[in-house]
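In what follows, a structure is listed as structure tokens, so that the remarks can point back to it.
The values are calculated or read from the model by the stated rules, or taken from the named source; none is laboratory data. On a predicted model such as this, the values are computed, not experimentally measured, just so you know. Using ideal geometry, Cβ is built from the backbone for each residue, glycine included, and neighbour counts are taken over all protein chains shown.
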Amino acid sequence: MADVGIDLDFVQDNLSFSVERGTFRGFHFQKPPRAQAKLVRVSRGAVLDVVVDIRRDSPTYGQHFGVELSAENGRQIFVPVGLAHSFLTLQPDTEVLYKASEFYDPEAEGGIRCDDPSLDIDWPLAMDDFMINDRDRGWPDLASLGEIF
């Protein structure tokens with residue numbers, strides 16, 4: 001990673017296991033000074049991994065990028081500080097592994113709603129079919145975040 005200009009230490013490894021296809025997790029980030037970069041991969045199953053740029057001064061602010069990660073394709077995604085991260089499981093019994101550059105801090109946690117119309121994300125499943133917890137359902141929309149990064 002240093003060869004492409006990414007020079008950081010990962011301090012925490014996480015495993016997320018989702019039984020049901022259509023499980024949505026995100027959009028998550030941690031606020032400074034506990035902001036995290038992540039390296040994400042799937043060890044079993046498949047997800048649509050989507051990130052949103054929430055850096056107010058970025059030319060790509062509010063834009064998103066999505067990629068399918070699966071055990072079969074072996075892809076990984078690096079999520080820099082200042083991007084909100086999410087994934088939607090495409091198969092049952094999916095395991096997502098990710099490394100974080102900062103320890104989890106519930107006081108620094110933030111998020112944005114997956115159904116924010118300003119994001120204009122073309123999800124592969126209808127929102128009614130998402131399995132989403134109350135915390136992730138309750139995040140504000142992007143416009144309500146204010147300046148964090």
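Going by what's in this entry, would residue 75 be described as of a type in the set (Lys, Arg), out of contact with any Ser or Thr (no Cβ under 7 Å at 6 or more places or on another chain) and either more than 16 Å from residue 24 (Cβ to Cβ) or surrounded by 13 or more Cβ atoms within 10 Å (Cβ to Cβ) (or both)? Even if it seems obvious, please write down each step before you answer.
On the way: of a type in the set (Lys, Arg): yes; out of contact with any Ser or Thr (no Cβ under 7 Å at 6 or more places or on another chain): yes; either more than 16 Å from residue 24 (Cβ to Cβ) or surrounded by 13 or more Cβ atoms within 10 Å (Cβ to Cβ) (or both): yes.
So residue 75 fits the description; yes.
Out of region 134-149, which residues are touching a residue at least 60 places away in the same chain (Cβ under 8 Å), assigned to a loop (DSSP other than H, G, I, E, B) and not hydrophobic (A, V, I, L, M, F, W, C)?
First, pick out the residues of region 134-149 that are touching a residue at least 60 places away in the same chain (Cβ under 8 Å): 136, 139, 142, 145, 147-149.
So of that shortlist, the ones also assigned to a loop (DSSP other than H, G, I, E, B) come out as 139, 145, 147-149.
Across region 134-149, the qualifying residue is only 147.
Is it true that some residue in region 77-98 is under 28 Å from residue 11 (Cα atoms), of a type outside the set (Gly, Ala, Ser), in a loop (DSSP other than H, G, I, E, B) and under 12 Å from the mean Cα position of the chain (by Cα)? First the steps, then the outcome.
Restricting attention to region 77-98, the residues satisfying the condition of being under 28 Å from residue 11 (Cα atoms) are 77-89, 93-98.
With of a type outside the set (Gly, Ala, Ser) added as a condition, the list becomes 77-81, 83, 85, 87-89, 93-98.
Going one step further and asking which of them are in a loop (DSSP other than H, G, I, E, B), we end up with 80-81, 93.
Checking which are under 12 Å from the mean Cα position of the chain (by Cα) leaves us with 80-81.
Yes, that holds for at least one residue.
Given (1) more than 15 Å from residue 24 (Cα to Cα); (2) modelled with pLDDT of 95 or more, identify the lone condition not met by residue 132.
Answer for residue 132: the failing condition is (1).
Name the one entry in 102, 68 that is touching a Lys or Arg at 6+ places or on another chain (Cβ under 9 Å) and farther than 19 Å from residue 130 by Cα. Before the answer, list the steps.
Values: 68 fails: farther than 19 Å from residue 130 by Cα.
The conditions single out 102.
When region 101-119 is examined, which residues are found to be under 19 Å from residue 139 (Cβ atoms) and either among the acidic types (Asp, Glu) or within 12 Å of the chain's Cα centre (by Cα) (or both)? Please lay out each step first, then the result.
First pass over region 101-119, keeping only residues under 19 Å from residue 139 (Cβ atoms): 104-119.
Correct list: 105, 107, 109, 110, 111, 112, 113, 114, 115, 116.
Is region 27-44 home to any residue that is at positive phi and either among the β-branched types (Val, Ile, Thr) or surrounded by 14 or more Cβ atoms within 10 Å (Cβ to Cβ) (or both)? Don't jump to the end; show me each part of the working.
Of all residues in region 27-44, those at positive phi come to none.
No, region 27-44 has no match at all.
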